[in-house]
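Structure record follows, encoded as structure tokens.
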Amino acid sequence: MSNFKKFSATLLIGVIALATEFIFKQPTIAFWIVAIAGGIMAFSMFIGMIQTLKSGKYGVDLLAITAIVATLLVGEYWASLMVLIMLTGGDSLEDYASKQASRELHALLENSPQNAHKIDGDQITDISVDEAELDDILLVKPGELVPVDGKIIMGSSLVDESSLTGESRPIEKEKEDTIMSGSIVKDTPIRIKTTKRASDSQYQKLVKLVEESEAKPAHFVRLADRYAVPFTIVAYLIGGIAWFVSKDPVRFAEVLVVASPCPLILAAPVALVAGMSRSSRNGIIVKSGTTIEKLAKAKTIAFDKTGTLTEGRLAVDKIVSMDATLSEEELLRFAASVEQESTHILARSLVYQAKNKQHSLLPVENLQEITGKGVKGIVDGKEIKVGNAAFIEIEKEATKKTIIYIAVDKKYQGYITFKDVLRPEAKQTIKKLGQLGLDDVIMLTGDSVDVANQIANALEITNVHAKCLPEEKIQVLNSLEESKRPAIMVGDGVNDAPALAIADIGIAMGENGSTAASESADAVILKDDLTRVFEAVRVSKDTMRIAQQSVLIGIFICVILMLIASTGVIPALLGAALQEVVDTVAILSALRARRG
């Protein structure tokens with residue numbers, strides 16, 4: 001039975017018991033109604049406590065069980081009922097605050113390749129991706145996902161692997177190159193021979209990794225349990241001394257009623273719910289109260305590069321003119337003009353840069369796009385060719401950057417290189433996170449070492465892991481020392497989903513990121529703004545500070561009430577009522593987390 005149902009059932013039992021005693025004048029029956037319900041609840045809590053102790057954890061259950069049993073044994077059944085209502089209500093509220101919604105990763109599964117075009121002689125047949133066998137010949141059209149892992153046997157094309165490897169640049173794939181399922185063919189159709197069945201291909205491996213990671217949630221102790229043992233010992237000591245001195249067992253029950261751990265159980269969940277509400281107003285969806293606790297204690301943060309620290313698009317880096325009579329601006333203008341009708345990713349970057357520099361594009365005539373090589377056309381009466389080195393008929397520059405070459409009237413005139421666009425707020429965000437105690441910053445990326453180091457140097461990140469596949473990102477996170485945990489992972493792509501799931505805290509950039517990443521993360525940034533990661537940590541620290549203050553305020557008042565109750569001046573029912581006052585104070589204190 002869920003905690004909410006237990007709370008509802010306890011309220012119903014309370015109403016029945018009240019009606020039985022005060023309307024039907026049957027106090028004995030009312031006692032047995034409460035006693036049976038209390039006995040069942042106490043036994044259920046006892047079983048749960050045993051399981052908790054077996055797992056090596058300690059909770060507040062023992063004190064609650066003792067309070068219920070003690071009040072029933074001395075006949076204070078209304079006090080027992082009051083304790084029951086508060087306990088079940090607290091557990092229900094805690095569930096609401098800390099229970100993480102179970103996700104089935106529907107989006108990841110729906111976005112996985114579903115169909116394939118099988119070539120059999122002159123026939124092309126659409127089949128389910130699961131029907132593809134080893135060595136089948138498949139056609140993949142522009143804009144389509146590669147259905148299974150394979151090897152290209154005909155054609156060449158730029159392939160977007162960013163969702164799988166984090167590599168920001170489209171990769172040029174040619175005959176005999178391997179290609180992974182989930183990659184997107186960008187410009188021309190290709191034919192591949194399958195090397196793996198669908199169930200063993202890269203995209204499906206990602207699904208399995210996320211499912212396995214979610215099956216192993218990180219252990220974290222809830223706030224109330226940290227104070228449970230000392231609080232329980234103090235309550236037993238005060239109650240036991242009062243019983244010993246007075247020789248009256250009722251005195252023990254009276255102490256335990258005011259010692260009921262409701263402030264411990266209520267204050268933290270209320271503060272966590274308030275903190276989650278505050279986070280949502282800042283464009284951050286935190287899926288559980290436990291995430292708030294872990295964010296507040298985080299010591300390490302790992303970032304994916306592409307789409308997280310960078311904007312996930314390429315921008316013009318350097319324009320080099322080989323002719324003194326042709327300026328860099330003119331070279332860019334010619335290149336952007338001839339590329340303005342192309343859908344190629346680099347063409348879009350050229351056009352964007354030209355318009356950003358307020359260069360008016362010139363009309364193009366006789367435009368031709370040569371697959372896998374480049375484009376050419378007549379611009380302002382000149383033949384402009386833009387493409388790879390072979391297309392321009394020159395030797396390739398010795399650079400690892402993405403590069404295109406330009407020829408004017410069949411004469412090589414220069415080249416343009418491209419780079420990742422660093423988020424403008426990235427450096428400041430990392431600096432602010434350091435001020436919150438997150439000094440260990442890691443960058444994980446599928447990009448090359450040179451590209452990774454370029455971004456890392458700009459952000460002053462020293463711990464860099466390049467050429468990381470999803471499995472390797474998980475290995476990096478799992479290898480962190482205990483002293484560097486809890487660890488946060490921030491990412492946005494499908495390839496980040498397993499790491500987001502296995503991390504102590506996974507934060508997904510959700511506005512432009514993949515649904516799979518959002519599903520497997522513990523928190524989702526709804527706005528395309530990296531500073532929200534800092535806000536998530538800051539709000540969590542504020543929330544936990546207020547939660548701890550609220551719990552300690554409740555404990556302090558409870559200890560004072562226990563000392564007073566030990567003298568016998570507070571009857572058990574009045575003690576239960578006073579406990580309501582303590583709960584109210586703790587809750588009002590905890591609600592401060594809504595505003596910080």
- prompt: Which residue, of Gly506, Gly510, Gly493, Gly446, is touching a helix residue (DSSP H, G or I) at 6+ places or on another chain (Cβ under 7 Å), under 23 Å from Gly182 (Cα atoms) and modelled with pLDDT of 90 or more?
  reply: Gly506
statement: For Val375, the lone unmet condition from (1) modelled with pLDDT of 90 or more; (2) more than 21 Å from Leu158 (Cβ to Cβ) is (2)
- request: Mind telling me which of the residues Ala30, Ala37 ends up being over 13 Å from Leu84 (Cβ atoms), crowded, with 18+ Cβ neighbours inside 10 Å and of a type in the set (Gly, Ala, Ser)?
  value: Ala30
- prompt: If you scan region 138-157, which residues turn out to be assigned to a strand (DSSP E or B) and either under 21 Å from Gln204 (Cα atoms) or open to solvent by less than 60 Å² (accessible area, probe 1.4 Å) (or both)?
  reply: Leu138, Leu139, Val140, Leu145, Gly150, Lys151, Ile152, Ile153, Ser157
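For (1) part of a loop (DSSP other than H, G, I, E, B); (2) open to solvent by 50 Å² or more (accessible area, probe 1.4 Å); (3) within 30 Å of Leu438 (Cα to Cα), each residue gets a yes or a no:
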| position | (1), (2), (3) |
| --- | --- |
| Val533 | no, no, yes |
| Lys541 | no, yes, yes |
| Arg545 | no, yes, yes |
| Ile560 | no, yes, no |
| Ile564 | no, yes, no |
| Gly575 | no, no, no |
| Ala593 | no, no, yes |
task: Can you run down the residue pairs with Cβ atoms below 8 Å, 6 or more apart or on separate chains, where the first is in region 410-424 and within 18 Å of Leu332 (Cα to Cα) and the partner is among the basic types (Lys, Arg) and surrounded by 22 or more Cβ atoms within 10 Å (Cβ to Cβ)?
output: Lys410/Lys385
message: Restricting to region 119-137, name every residue that is more than 36 Å from the chain's Cα centre (by Cα) and either without any contact (Cβ under 8 Å) to a residue 12 or more places away in the chain or in a strand (DSSP E or B) (or both).
response: Ile119, Asp120, Gly121, Asp122, Gln123, Ile124, Thr125, Asp126, Ile137
- request: Kindly list, by first and then second residue, each pair from a residue in region 578-589 that is in contact (Cβ under 8 Å) with a residue 60 or more places away in the chain and open to solvent by less than 10 Å² (accessible area, probe 1.4 Å) to a residue that is part of a helix (DSSP H, G or I) and acidic (Asp, Glu), limited to pairs with Cβ atoms under 8 Å and residues at least 6 apart or on different chains.
  value: none
- request: Specify the residue that is modelled with the lowest pLDDT; the eligible residues are those in region 76-118 that are assigned to a strand (DSSP E or B) and open to solvent by 20 Å² or more (accessible area, probe 1.4 Å).
  value: Asn115
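Hey, does region 310-318 have a residue that's more than 30 Å from Ala64 (Cα to Cα) and out of contact with any Ser or Thr (no Cβ under 8 Å at 6 or more places or on another chain)?
Yes, some residue in region 310-318 is more than 30 Å from Ala64 (Cα to Cα) and out of contact with any Ser or Thr (no Cβ under 8 Å at 6 or more places or on another chain).
Conditions (1) under 42 Å from the mean Cα position of the chain (by Cα); (2) open to solvent by 30 Å² or more (accessible area, probe 1.4 Å), marked per residue:
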{"residue": "Ile238", "(1), (2)": "no, no"}
{"residue": "Ser246", "(1), (2)": "no, yes"}
{"residue": "Pro249", "(1), (2)": "no, yes"}
{"residue": "Ala253", "(1), (2)": "no, no"}
{"residue": "Ser280", "(1), (2)": "yes, yes"}
{"residue": "Ile285", "(1), (2)": "yes, yes"}
message: On the basis of being open to solvent by 20 Å² or more (accessible area, probe 1.4 Å), touching a residue at least 24 places away in the same chain (Cβ under 8 Å) and either on the phi > 0 side of the Ramachandran plot or over 36 Å from the mean Cα position of the chain (by Cα) (or both), does Glu365 make the cut?
response: no
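Checking the condition at pLDDT below 85, open to solvent by less than 80 Å² (accessible area, probe 1.4 Å), out of contact with any Pro (no Cβ under 7 Å at 6 or more places or on another chain) and among the basic types (Lys, Arg), which residue from Lys173, Lys205, Lys216 passes?
After ruling out the rest, the residue left standing is Lys205.
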field: Out of Ile319, Ile301, sole residue that is of a type outside the set (Lys, Arg), part of a strand (DSSP E or B) and open to solvent by 10 Å² or more (accessible area, probe 1.4 Å)
entry: Ile319
task: Name every residue in region 352-391 that is more than 14 Å from Ile406 (Cβ to Cβ), touching a Lys or Arg at 6+ places or on another chain (Cβ under 6 Å) and outside any strand (DSSP E or B), in order of residue number.
output: His359
- request: Could you give me the residue pairs with C-beta distances under 7 Å whose first residue belongs to region 296-308 and is farther than 13 Å from Leu422 by Cα and β-branched (Val, Ile, Thr), whose second residue is open to solvent by 10 Å² or more (accessible area, probe 1.4 Å) and in a strand (DSSP E or B) wherever it lies, and which are 6+ apart or on separate chains?
  value: Thr300/Asp440; Ile301/Val441
message: Yes or no: region 317-336 includes at least one residue that is closer than 24 Å to Ile184 by Cβ and modelled with pLDDT under 85.
response: no
message: Step by step: first the residues of region 552-572, then only those that are in contact with a Ser or Thr (Cβ under 9 Å, 6 or more places away or on another chain) and of a type in the set (A, V, I, L, M), then the one that is modelled with the highest pLDDT. Which residue is that?
response: Ile553
- prompt: Which of the residues belonging to region 309-342 are free of Cβ contacts under 8 Å to residues at least 12 places away in the same chain and of a type in the set (A, V, I, L, M)?
  reply: Ala324
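The values are calculated or read from the model by the stated rules, or taken from the named source; none is laboratory data. Note that this is a predicted model, so its numbers are computed, not measured. Cβ coordinates were reconstructed from backbone atoms using ideal geometry, including for glycine residues, and neighbour counts include every protein chain displayed. Accessible surface is based on the protein model in full, side chains and every heavy atom, while ligands, DNA and RNA are left aside. Shrake-Rupley method; radii C 1.70, N 1.55, O 1.52, S 1.80 Å.
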